[in-house]
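Presented below is the structure to which this report refers.
The values are calculated or read from the model by the stated rules, or taken from the named source; none is laboratory data. For clarity, every value in this text was computed on a predicted model and none was experimentally measured. As a convention, Cβ positions derive from the backbone with ideal geometry for all residues, glycine included, and neighbour counts pool all protein chains shown. Side chains included, ligands, DNA and RNA excluded: accessible areas come from the protein's heavy atoms. Shrake-Rupley method; radii C 1.70, N 1.55, O 1.52, S 1.80 Å.
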Amino acid sequence: MSQTSPPTRVPRFEPWYKPTLRQRLSQTGAFVTCVELVTSRGIITERSSRRVLELARRLAEHPRIDALSITDNPGGNAMLGADTLGTDLIARGQEVIIHLSCKDWNRNALQSRGWELASGGFENVLCLSGDCPTSGYEGQAPGVFDIDSVALLKMFTDMNAGLEMPLRNGGRSKPMQHTSFLKGAVVNNFKLRENEVMPQYFKLAKKIDTGADFVINQLGYDARKQDELMKYMRHKGLDVPVLYNVYVLSGPASRFFNSVKIPGCLVTDELFEVCQKHAQSLDKGKAFFLEFAAKQVAIGKGLGYRGAYIGGHIQFDDYMRILDLAESFGEDDWVQFAKEIRYDRDNEFHYFEIDPDTGLSSDVINQRYLASKTPSGKKRQRGFVPLTYKMNRVVHDRVFERDSAGYNVGRRVYDKLDGASAKVRRVAHKLENAVKMFGFDCRDCGDCSLPDIAYLCPESQCAKNQRNGPCGGTRDGKCEVGEKDCIWARAYDRLKAYGEEEQMLDGKVIIKDAALQGTSAWANTFLGRDHHAGNEEKPEDSNAQ
Ligand code: SF4
């Protein structure tokens, strides 16, 4: 070697040389591997926290792991913040996905977190609505749910574009320095009923339209449903990479999920029995559960997923074992595995007819579903729609629809009322409340979403105030909290009777304006102050702290 030649560097593996998740997903066709990490309670020096940190560091250093994904207070419990662990990992050059859920943070706190994460070098976020809190210091914490996962995606998409803040004078600030987040979203199609599954798909489309760069599906153990998701996305032209969720089961984990302790995560009775049988063995079923996970990785590859998203309470060597096993399978072995891992439930809705040869989805859309969408199918369903809904449609069309005669009258009336004395305005507001509280259990939010959700109030009837589609927590059509039917499942049924269900989430992202709380929603609609008017943002006190 001449003296002037630069020294040839043959480094041992350095995690810094790993490509980013964005590069892996957009510039290569590689099948990626992400591992989900759950932080524990207490500070980072607690024994359990150190265990997670050590596992994370070992995984971080391994070239087979493309990204580590860190949860945000999963199951609605307070845990060590994801950033603490994440900061250690990105300092080691590891790709990290930070989960951001709306249950514990309002929009300002989430925006602030976004700036903090971008400043700290984080690039990947997973935008979630989150589970309702289930515990808390000296009593259960309330859920925040100021915005939902779709609104959160919009916020981060806008931050990427260079956020312009509204100013007091009606203008806008100069665009801020843009962030460059790769934004993930979640979909949960492991649902029993059509009125749960279809709104999940509509919401997925909305998330992608709002800027989701990649998708992770909720855990589930039915290859037909996994296949259906990919086929549905292709059918609808939804072209973003999807990671196949492989949650590594165990005896206790299967019991936990079978009892539906985590909303939206289900182990069917049949699978539960299989798990319990294997959990009796000397190794507590470990060999079976790791192979079961490896088979799912293989199925994911075979079905066209862009990667595996592996979670569960397992050790470093277990992850390696799963990946080794997955690599050892033959190219077409997944077809047989897909026949084995078919844990669905009786009468479960599927968008596509079954392919009898593979047990997966065919290309034929569910014939009963299609029949239910014909004029006679809709007519039949209209027989089950409540009369009040039918009346609300008529009133809305005649009074609140923008081009209607009633709307013009309403606008003139509320224009006058706006200039009237406070006493007159109070009386008008009380009359409005009397009607809406009786008819809709209205909570006087002032930014009414009744027309968006088939005249069902998200403030009083949705535990998470979801305004852009259902959360992933429904259980057989029921809300994850309490025993009521999910408002979005009900809205789907109502709209479908009129052939309007496929458009239920069309339109802009709905973000409630808290400044309108306690004001007249009718006035706000007629005078163009609420989200129906185009989300015109209110002037902001630029000097406000
Ligand atoms: S009503 Fe539906 S969307 Fe709202 S919290 Fe319950 S399950 Fe989720």
**Request:** Working with all protein chains in place, sort Asp403, Asp441 by solvent-accessible area computed with a 1.4 Å probe, largest first.
**Result:** Asp403, Asp441
**Request:** Calculate one ³J(HN,Hα) per residue across the stretch 139-147 by plugging θ = phi - 60° into the Karplus curve 6.51 cos²θ - 1.76 cosθ + 1.60, and present them in order as whole Hz with x for glycine and proline.
**Result:** x, 5, 6, x, x, 8, 6, 5, 10
**Asked** How large is the helix-only mean residue ellipticity at 222 nm for the chain, computed as the sum of -39500 (n - 2.57) over DSSP H runs with n ≥ 4, divided by its residue count, in deg cm²/dmol to the nearest 500?
**Response** -12000 deg cm²/dmol
**Asked** Where Lys and Arg each count +1 and Asp and Glu each count -1, what net charge lies around Leu290 among other residues with Cβ under 14 Å from its Cβ?
**Response** -2
**Prompt:** So what is the orientation-averaged projected area of the stretch 375-533, using the convex hull of its C-alpha atoms, in nm²?
**Reply:** 10.0 nm²
**Message:** Between the stretch 419-441 and the stretch 241-257, how far is it from one alpha carbon centroid to the other, in angstrom?
**Reply:** 50 Å
**Item:** Under-5 Å amide H pairs with Leu80, H placed in peptide plane, nonlocal only
**Value:** Ser40, Arg41, Gly42
**Fill in**
Amide H proximity to Arg172 below 5 Å, modelled H, separation 5+ or other chain, gives Leu167
**Prompt:** Peptides 459-468, 312-321, 479-488: what's the order by average Cβ count within 10 Å, highest mean first?
**Reply:** 459-468, 479-488, 312-321
**Prompt:** Once label points are set 7 Å from the Cα along Cα→Cβ at both Arg475 and Lys236, what is their separation, rounded to one decimal in nm?
**Reply:** 2.6 nm
**Prompt:** When we measure straight from the Cα of Lys416, which lysines land under 28 angstrom away, once same-chain ones fewer than 8 places off are left out?
**Reply:** Lys430, Lys436, Lys512, Lys538
**Message:** Using alpha carbons only, how many angstrom separate the centre of the stretch 464-515 from the centre of the stretch 278-302?
**Reply:** 36 Å
**Asked** Given +1 on the Cβ of Lys and Arg, -1 on the Cβ of Asp and Glu, and no further charges, what dipole in debye does the stretch 181-328 carry about its Cα centre, rounded to the nearest 20?
**Response** 380 debye
**Prompt:** Of all DSSP beta bridges located in the chain, what percent are antiparallel, nearest 5?
**Reply:** 15 percent
**Request:** Identify all aspartates and glutamates with a Cα-Cα distance to Lys18 below 13 Å; exclude those on the same chain that are fewer than 8 residues away in sequence.
**Result:** Glu61, Asp66, Glu95
**Request:** Identify all lysines with a Cα-Cα distance to Lys261 below 27 Å; exclude those on the same chain that are fewer than 8 residues away in sequence.
**Result:** Lys103, Lys191, Lys203, Lys207, Lys225, Lys277, Lys284, Lys286, Lys295, Lys464, Lys478, Lys484
**Fill in**
For Val32, other-chain or 5+-apart residues with amide H closer than 5 Å (H placed, Pro excluded) are Gly307, Ala308
**Prompt:** When the dipole is taken about the Cα centre of the stretch 294-404, and only Lys, Arg (+1) and Asp, Glu (-1) are charged at their Cβ, what size is it in debye, to the nearest 20?
**Reply:** 1260 debye
**Complete:** So, with points 7 Å from each Cα along the Cβ direction, the Ile43-Ala434 label distance in nm works out to 6.0 nm
**Asked** Given the C-alpha centroids of the stretch 336-396 and the stretch 95-159, what is the distance between them in whole angstrom?
**Response** 33 Å
**Selection from Thr474, Ile510, Ala434, by position along the positive dipole direction of the chain (Cβ)** = Ala434
**Message:** Let's test the formula: R0 of 51 Å, r as the Cβ-Cβ distance of Ala405 and Ser281. What FRET efficiency results, to the nearest 0.05?
**Reply:** 0.10
**Asked** Which FRET efficiency value, to the nearest 0.05, is calculated for Leu387 and Asp415 with the Förster distance at 41 angstrom and r the Cβ-Cβ distance?
**Response** 0.80
**Request:** Only Lys, Arg, Asp and Glu count, each charged at its Cβ (+1, +1, -1, -1), so figure out the dipole size of the chain about its Cα centre, rounded to 20 debye.
**Result:** 1240 debye
**Residues Val364 and Asn169, FRET efficiency given R0 of 60 Å [Cβ-Cβ distance, rounded to 0.05]** = 0.55
